[in-house]
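*Asks:* One structure, as structure tokens, below. Some questions next.
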Amino acid sequence: MRSLARVGLALLVVLLMAPLARAGDGLALTPPMGWNSWNKFGCNVSEKLIRDAADALVSSGMKDTGYEYVVIDDCWQVRRDAAGKIVADPERFPSGIKALADAIHAKGLKFGIYSDAGSMTCAKRPGSKGHETQDAKIYAEWGVDYLKYDWCSTDGQDTRDSYAKMSRALRASGRPIVFSICEWGNSKPWTWAQGIGHLWRATGDIQDCWDCGASWGGMGVVHIIDLMADLYAFSGPGHWNDPDMLEVGNHGLTLAENRAHFSFWALFAAPLMAGNDLQSMKPEIRDILTNREVIAVDQDPLGMQGRKVRDAGAHEVWVKPLADGSRAVILFNRGSEESPIAAPWEDIGLFPGGKALVRDLWKKADVGSFTGRFEAKVEPHGVVMVKITPQF
């Protein structure tokens, strides 16, 4: 194995220089968690679907583990009226959006909605171009808590200016609304979007597969992992890199791949927006989505994104420093055969000869005390995810 870096000192420097200052508006100080309709249902959204999803978020135990946003993606809107006000589909949302938001709030959850910076959304519904202030005001009146803002039909528009315009409109609305920028990482929003949005897409759209791609820009889980690898310096409380919504439970991944997918999103301090059918999910998928120990890594208040520290072809080691001085570590096997993978202490920022306690976050069990390194066998396309706590 070859080490990418001896990162003990480097991690200390990153810890000291990390952007720990909290966002001025106090929103999204940890990565947002919730559910979004798109990955499973696409345009087939309705009032009943969203209400049922909210019910399932509660009954499944997901709400109790931190999932709070219920977000309608594209296709809820059909037109604008004579005054320019956005109109929800009256057949699919007969009670109206405000009544739906009120019902979700009554369950102790928060409500999210979707629009686009262009003249039309990606599904050819009315976008917000030229209506930013008007739309932000109506969202506030409806009780919206979260806006996902896409980037279709935007020919000739400046990316930063377009998102800043909606950001200003949301702030002026008088309601705290988390702003999710979704332009697929094309303009490197991690370099400019802090202070405009609370999270920004750093990659193309996720697909329900492990190692795949599409001509329109969709990509599998492992491709997104690779795109996120070098962005760790740009993420922190109130400003998160977003590798897209979760595909956990949507049938395109094996159980090992689902666990790896969720583990990496937690290590990345990524928003955890489930995208499966919550009413029909199997117990093993529920167990992944509600693993409190893995979720705690994602929600760690230090807010650091994990990074790769060892690369030996198919075998990798990734680390995320945590607020209590411990490390969340992923041993990742890209290969097709079960293999042992080791994490030397010097790679993860611990004293090389020191002792540390190791806890397996998927087995939810302490493994023991180790000196200098930890090694485990890792299944194909799988991970072993541990929390390593130095013993002083």
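*Asks:* Hey, any idea what Rg/Rh is for region 47-201, computing Rh the Kirkwood way over Cα pairs?
*Replies:* With Rh from the inverse mean 1/r over Cα pairs, Rg/Rh is 0.96.
*Asks:* Here is a follow-up. List residues of region 140-167, by number, whose backbone nitrogen lies under 16 Å from a label position 7 Å along Cα→C-beta of residue 83.
*Replies:* Once the point is set 7 Å along Cα→Cβ of residue 83, 140-142 turn out to lie under 16 Å by backbone N, inside region 140-167.
*Asks:* Tell me which lysines have Cα within less than 20 Å of residue 107's Cα, excluding those fewer than 8 residues away on the same chain?
*Replies:* 48, 63, 98
*Asks:* Same structure again: For region 25-298, what relative contact order do you get, as a whole percent, if you take Cα pairs closer than 8 Å and at least 6 residues apart? Let's see the in-between values first.
*Replies:* Working: 554 pairs, mean separation 54.0, N = 274.
Across region 25-298, relative contact order equals 20 percent.
*Asks:* Are there cysteines in the chain with no second cysteine's Cβ under 4.7 Å away, and if so, which?
*Replies:* Isolated Cys, the chain: 182.
*Asks:* Mind checking which lysines have their C-alpha under 27 Å from residue 377, skipping anything on the same chain fewer than 8 residues away?
*Replies:* 282, 308, 320, 355, 363, 364, 387
*Asks:* A further question on this structure: So, with +1 on the Cβ of K and R and -1 on the Cβ of D and E, and no other charges, what is the size of the charge dipole of the chain about its Cα centre, to the nearest 20 debye?
*Replies:* Its charge dipole is roughly 740 debye.
*Asks:* On to the next question. Counting Lys and Arg as +1 and Asp and Glu as -1, what is the net charge of the other residues whose Cβ lies under 10 Å from the Cβ of residue 322?
*Replies:* My count for the surroundings of residue 322 gives +1.
*Asks:* Return one quarter of the surface area of the convex hull spanned by the alpha-carbon atoms of region 282-347, equal to its mean projected area, in nm².
*Replies:* 5.7 nm²
*Asks:* Residue by residue through region 174-191, which ³J(HN,Hα) values in whole Hz follow from phi under the Karplus form 6.51 cos²θ - 1.76 cosθ + 1.60 (θ = phi - 60°), with glycine and proline marked x?
*Replies:* Working through the residues one at a time gives x, 10, x, 10, 5, 10, 9, 7, 10, 10, 6, x, 5, 9, 6, x, 4, 8 Hz.
*Asks:* What is the helix-to-structure angle for 159-172, meaning the angle in degrees between its Cα long axis and the longest Cα principal axis of the chain, kept from 0 to 90 and rounded to the nearest 10?
*Replies:* Its long axis makes an angle of about 70 degrees.
*Asks:* Further question: Arrange 261, 381, 105 by Cβ neighbour counts within 10 Å, fewest through most, would you?
*Replies:* 105, 381, 261
*Asks:* Which shape class, rounded, prolate or oblate, goes with region 241-305 when its Cα gyration tensor gives a ≥ b ≥ c as root eigenvalues, a/c under 1.5 marks rounded, and past that a/b bigger than b/c marks prolate? Don't skip to the answer; put the middle values down first.
*Replies:* On the way: a/c = 1.98, a/b = 1.72, b/c = 1.15.
The shape class here is prolate.
*Asks:* Next up: Might you report the magnitude of the Cβ-based charge dipole of region 161-240 about its Cα centre, with Lys and Arg at +1 and Asp and Glu at -1, to the nearest 20 debye? Don't skip to the end; give the middle numbers.
*Replies:* Numbers: 6 positive and 7 negative charges, 124 e Å.
The dipole of region 161-240 has a size of about 600 debye.
*Asks:* Select from region 356-388 those trypsin sites (Lys or Arg not before Pro) which occupy a DSSP coil region and have at most 15 other Cβ atoms within 10 Å, ordered by residue number.
*Replies:* Here the sparse-neighbourhood loop sites are 363, 364.
*Asks:* If you line up the long axis of helix 132-142 against the longest principal axis of the chain, both from Cα atoms, how many degrees apart are they, to the nearest 10?
*Replies:* Between helix and principal axis, roughly 80 degrees.
*Asks:* Restricting the count to DSSP beta bridges whose residues both fall in the chain, what percent are antiparallel, rounded to a multiple of 5?
*Replies:* Taking every DSSP beta bridge with both residues in the chain, the antiparallel ones total about 65 percent.
*Asks:* While we're here: What is the extension gain from residue 376 to residue 342, computed as 0.36 nm multiplied by their sequence separation minus the C-alpha to C-alpha distance, in nm to one decimal?
*Replies:* 11.6 nm
*Asks:* Using Cα springs under 10 Å in a Gaussian network model of the chain, which residue among 311, 155, 64 shows the largest mean-square fluctuation?
*Replies:* 155
*Asks:* Cut-off is 10 Å between beta-carbons; in what order do 234, 179, 332 appear when sorted fewest neighbours first? The partial results should precede the final answer.
*Replies:* Numbers: 234 19, 179 24, 332 27.
The order, fewest Cβ neighbours first, is 234, 179, 332.
*Asks:* Right, something else. Averaged over all directions, how much area does the convex hull of the C-alpha atoms of region 257-366 cover when projected, in nm²?
*Replies:* 7.8 nm²
Readers should treat all values here as calculations from the given coordinates under stated rules, not as data from a laboratory. Given the structure is predicted, the values throughout are model-derived calculations rather than measurements. With ideal geometry, Cβ positions are generated from the backbone for all residues, glycine too; neighbour counts draw on all protein chains shown.
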